[in-house]
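A short write-up of the structure that comes next.
The values are calculated or read from the model by the stated rules, or taken from the named source; none is laboratory data. The model shown is predicted, which means the values in this text are computed figures rather than measured ones. We place every Cβ from the backbone using ideal geometry, glycine too, and count neighbours over all the protein chains shown. Each accessible area value is taken on the protein alone, full model and side chains, heavy atoms only, with ligands, DNA and RNA left out. Shrake-Rupley method; radii C 1.70, N 1.55, O 1.52, S 1.80 Å.
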Amino acid sequence: MAGRLDELGEFGLVAAVTAGSPPSPAGPGDDAAVVAVPDGRVVATTDVLVEGRHFRLDWSAPYDVGRKAAAQSLADVAAMGARPVALLVGFGAPGSFVADDAVALARGLADEAAACGASVVGGDVVAAPAVVVSVTALGSLDGRAPVLRSGARVGDVVVVAGALGGAAAGLAALTAGRDDLAAVAAHRVPSPPYADGVALAEAGATSMIDVSDGLSGDLRHVAVASGVGFSIDVSALPVHASVGEAAAALGIDEQEWVLGGGDDHALVATLPAPDPRWPVVGRVVEGDAVEWVGARVAPRAWEHFA
């Protein structure tokens, strides 16, 4: 499918991506989608990725950008204890953008959605001076109460589902010109533990958040919302398998990525009691501070307007 996006057009892009998809009550190609959500309540979230700010096409293939964009929003749904159901996608790009690349990006979105049982049900395509991907994810609570940031209670344990530091290590590797390091793959395509969102909710999680802006910043969000503090054992945190290699190659303390790196989309939750399925990394305590026991670096979080 050689050519430019302005030659392919919005209808052609939708047709190329949805060919062979299972039928739905109303999905791509109509004025709006109809999504079945048995619970009667919809968990909804939106994220926007901008070329040059959140991804670079000289570092990531368009397919990987699509997967990353979908993962970012789907992880937010999982962090509420909901089951991802559908994605709506807004896509902007110059008319000269290669049509095959647009289709690859859209297929990345669809494949990441399918990985957790969701599907792309609609969206919009517009001309833009740079590539912009806006993803709205919808989820169903299936009769459960949503897990909020504001529910952590003193005495709860803190657990983590997934691994930390890989995406930040990969970004550092690419910045240093080391695309041979394994961490690069974690930056290009994160692996959120989607199923753990529902499992944690069913296990009685009192609060939950996905690690998108860095563990230090995201835990602070929970602390403020819940009116509590945290004591975290840094040595107990689950570290992405690629982090050690990158730290040795780049001469950087891996804790910088584990504590402050975002985009891993691991899930951090509080539970009334330990559960063998997830490592306990700390406890909820009185106060409003986050104590990092065993930290060698001062944790920093992502600032969107820094």
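Numbers at a glance
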item: Length-normalised contact order of the stretch 210-295 in % [C-alpha pairs under 8 Å, at least 6 apart]; result: 57 percent
item: 1.4 Å probe accessible area per residue over the chain, in Å²; result: 43 Å²
item: Within the stretch 108-159, trypsin sites (Lys or Arg not before Pro) in DSSP loop having at most 13 other beta-carbon neighbours inside 10 Å; result: R153
item: Cα shape, the stretch 108-216, gyration tensor, a/c 1.5 rule; result: oblate
item: Solvent-accessible surface ranking, highest first, for L219, L148 at 1.4 angstrom; result: L148, L219
item: Prolate/oblate/rounded label for the stretch 44-199 (Cα gyration tensor, a/c 1.5); result: oblate
item: Prolate/oblate/rounded call for the stretch 191-306, Cα gyration tensor, a/c under 1.5 rounded; result: prolate
item: Alpha-carbon centroid distance for the pair the stretch 215-291 / the stretch 50-124, whole angstrom; result: 26 Å
item: Rough spin-label spacing in nm, given labels placed 7 Å along Cα→Cβ, for E286 and A128; result: 4.9 nm
item: Carbon and sulfur %, accessible surface of the chain computed with the full protein complex present, 1.4 Å; result: 55 percent
item: The stretch 84-162 - percent relative contact order, Cα under 8 Å, separation 6 or more; result: 47 percent
item: Neighbour-limited loop hits for trypsin sites (Lys or Arg not before Pro), the stretch 36-116 (at most 16 other Cβ within 10 Å; DSSP other than H, G, I, E, B); result: R41, R53, R56
item: Debye, to nearest 20: dipole size of the chain, +1 on Lys, Arg Cβ, -1 on Asp, Glu Cβ; result: 400 debye
item: Relative contact order (percent, whole number), the chain, Cα cutoff 8 Å, 6+ residue spacing; result: 22 percent
item: Over the chain: helical MRE at 222 nm, DSSP H runs n ≥ 4 each giving -39500 (n - 2.57), nearest 500; result: -10000 deg cm²/dmol
